[in-house]
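Heads up: the structure comes next, in structure tokens.
The values are calculated or read from the model by the stated rules, or taken from the named source; none is laboratory data. In this text, all values refer to a predicted model and were calculated from it rather than measured experimentally. Every residue, glycine as well, gets a Cβ built from its backbone with ideal geometry; the counts of neighbours run over all protein chains shown.
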Amino acid sequence: MVETRGTKLSFGNFGLQSLSASYVNSKQIEAARKAISHFTKRGGKVWIRIFPDKPITQRPPELTMGGGKGAVDHYVFPVKPGRVIFEVDGLPPQQAREALAKAAHKLPVRTRVIEK
């Protein structure tokens, strides 16, 4: 299934677009954001185009069957191929590509860098 929304750059000149599908949790998004801001020395502007709003529940270990659904453990965003995850602007082209490549290593999806 391919994404139909959020596939074009809306804010920046460079973006990180997914090529595979996976759940991306809030810790992974934050790690990628920190990688971008650290590499660019907080220069330019970064937009995060996804927000983890799907709750994932989990039951405590060694519990018998029955007793209902578990408590919310963490939140994820289901990424499909084509979704733009991050956008950056206000950076030289080479620096923007490298920053997004570093962020891609923190995510569980295959990605590519796109530009306007």
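When the criteria are applied in full, LYS80 fails the requirement of being surrounded by fewer than 16 Cβ atoms within 10 Å (Cβ to Cβ) and of a type in the set (D, E, K, R). Checked against (1) over 11 Å from the mean Cα position of the chain (by Cα); (2) part of a loop (DSSP other than H, G, I, E, B); (3) more than 16 Å from ARG112 (Cβ to Cβ), ASP73 meets all criteria but (2).
Among residues of segment 32-47 that are closer than 23 Å to LYS8 by Cα, those with a Cβ under 9 angstrom from a residue that is aromatic (Phe, Trp, Tyr), sequence gap 6+ or separate chain, pair up as ALA32/PHE86; ARG33/PHE86; ILE36/PHE86; LYS45/PHE11; VAL46/PHE86; TRP47/PHE11; TRP47/PHE86. Here THR40 meets each of (1) loosely packed, with under 12 Cβ neighbours inside 10 Å; (2) of a type in the set (S, T, N, Q); (3) out of contact with any strand residue (DSSP E or B) (no Cβ under 6 Å at 6 or more places or on another chain) with one exception, condition (1). Look at (1) in contact with a Lys or Arg (Cβ under 8 Å, 6 or more places away or on another chain); (2) over 26 Å from ASP89 (Cα atoms); (3) not polar (S, T, N, Q) and you find that GLY68 fails only one, number (1). So is LYS116 at pLDDT below 95, out of contact with any Asp or Glu (no Cβ under 6 Å at 6 or more places or on another chain) and of a type in the set (D, E, K, R) or not? Yes; evaluated as a whole, the condition is true for this residue.
In this structure, HIS105 does satisfy being surrounded by fewer than 13 Cβ atoms within 10 Å (Cβ to Cβ) and at pLDDT 95 or above.
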